[in-house]
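The values are calculated or read from the model by the stated rules, or taken from the named source; none is laboratory data. Only a predicted model underlies this, so the values are computations on that prediction, with no experimental measurement involved. Here Cβ is always computed from backbone atoms with ideal geometry, including for glycine, and neighbour counts include all displayed protein chains.
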Amino acid sequence: MKTGIFTITACLATALILTSARALENEYEYTVYRMEAPVVLDGRLDEDAWNYLPVATGFRILGNPFIQPDKLAPKQTIFRMGWDAEFLYIGAKCMEPDINDLESVKKDGAVSWKDNSVEIFMRPAPPDFDHQLIVKIFGTKNWRGETNKLWEAKTVVEKGAWTMEIKIPLSELGKMPAENTTWPFNMARNIITAGNNQSDWRATDRYTTWAPLKGRFHDFDHFGAITFSSKTLGREDVETINMELNQRLARPLVANTRKIMTKCRRYMDEIKTDSPSAELPMQDELEGRWSLLNAAASKNTLTLQEAQDAQQQAKELLAAISKQYLTVMVAHESK
């Protein structure tokens, strides 16, 4: 019986990774809406115009979407985008609890991907117009391969995060967007602290990415996309879209939690079947935790944070139940 259970567990884990990875590729689409008021760049994201644009988040550690599709980066990045007749605007907030441990080279055009920075990739008409813009934590910037591009970037470092605002003339992008124009797009982040060893970067948060890239920032086949809309949004529109985006990101996590809970239930049932008289001090507690988590995983309205919390709790529950299961199996075989 042991062999069968471990085989089923391995197959389930493999299927989960492949299914979740494929699902993630469809989640990273963002609509860039028109802005009624221009943004005066100061890096602070406190102008009201930003509140009329949807929020995008859900960054993952580079490579991890295809290794651990259910795991989000611990240091999230949140961005918004908008446009008007002349400019494309991008605002981002980079969560950074280790803000005092960060360093940066304060020079435009320096090797920015080896520094604390955000990288923005846009492909209006590849390969002729294929853009990579990099903004570092203290506001220095680099348009890779270009020295004469006219664009602005401002940043602000605050407690627990740093923020940035970018203003790009549409004329500098080589192709003007129009209604329903879609471009391949991604935003990625370089995080340099004493704790993220580059030699083992997939095990750290050294590189994070919005789209589910496999192993490098130039993995164009797995980019997300932006689509331009001439519509301007009201606050209620933004709230609705934000909820939809949030739940779209939460959906794979909820699906994974349900699978974990199914596995928990199977182990618990097998413990009862194989050793109905066994005294398990944690059994009642595990049953209660299972009921609560199963109810949470059955909802389709969990926020992204709630989905992450439920998934983590499900993993902890599975570990506890697996320990009980092994205890019962060892006792059963020793008889």
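Summary table
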| read-out | value |
| --- | --- |
| Residues that are part of a helix (DSSP H, G or I) and surrounded by fewer than 20 Cβ atoms within 10 Å (Cβ to Cβ), drawn from region 223-245 | Arg235, Glu236, Asp237, Val238, Glu239, Thr240, Ile241, Asn242, Met243, Glu244 |
| Any chance Gln68 is modelled with pLDDT of 85 or more, surrounded by fewer than 22 Cβ atoms within 10 Å (Cβ to Cβ) and touching a strand residue (DSSP E or B) at 6+ places or on another chain (Cβ under 9 Å) | no |
| Yes/no for Gly234 being of a type in the set (Gly, Ala, Ser) and modelled with pLDDT of 90 or more | yes |
| Residues satisfying the stated conditions in region 37-52, i.e. assigned to a loop (DSSP other than H, G, I, E, B) and touching a helix residue (DSSP H, G or I) at 6+ places or on another chain (Cβ under 7 Å) | Ala37, Val39 |
| Test: Gly160 is closer than 17 Å to Arg44 by Cβ and small (Gly, Ala, Ser) | yes |
| In region 116-137, residue modelled with the lowest pLDDT [restricted to those that are out of contact with any strand residue (DSSP E or B) (no Cβ under 6 Å at 6 or more places or on another chain) and part of a strand (DSSP E or B)] | Phe129 |
| Pair list, Cβ < 8 Å and 6+ apart or interchain, from region 135-151 residues that are over 27 Å from Ala161 (Cα atoms) to residues that are of a type in the set (S, T, N, Q) | Gly145/Gln132 |
| Unique match (being at pLDDT below 85, among the aliphatic types (A, V, I, L, M) and not in a loop (DSSP other than H, G, I, E, B)) among Ala92, Ala13 | Ala13 |
| Residues of region 302-318 classified as over 16 Å from Cys264 (Cβ atoms) and either touching a Pro at 6+ places or on another chain (Cβ under 9 Å) or surrounded by fewer than 22 Cβ atoms within 10 Å (Cβ to Cβ) (or both), total | 7 |
| Residue list for region 135-158, restricted to those being surrounded by fewer than 23 Cβ atoms within 10 Å (Cβ to Cβ) and touching a helix residue (DSSP H, G or I) at 6+ places or on another chain (Cβ under 7 Å) | Lys149, Leu150, Trp151, Val157 |
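Results for (1) outside any loop (DSSP other than H, G, I, E, B); (2) within 30 Å of Ile99 (Cα to Cα); (3) more than 22 Å from the chain's Cα centre (by Cα), shown as yes or no for each residue.
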{"position": "Gly139", "(1), (2), (3)": "no, yes, yes"}
{"position": "Asn148", "(1), (2), (3)": "no, no, yes"}
{"position": "Ala153", "(1), (2), (3)": "yes, yes, yes"}
{"position": "Glu165", "(1), (2), (3)": "yes, yes, no"}
{"position": "Asn180", "(1), (2), (3)": "no, no, yes"}
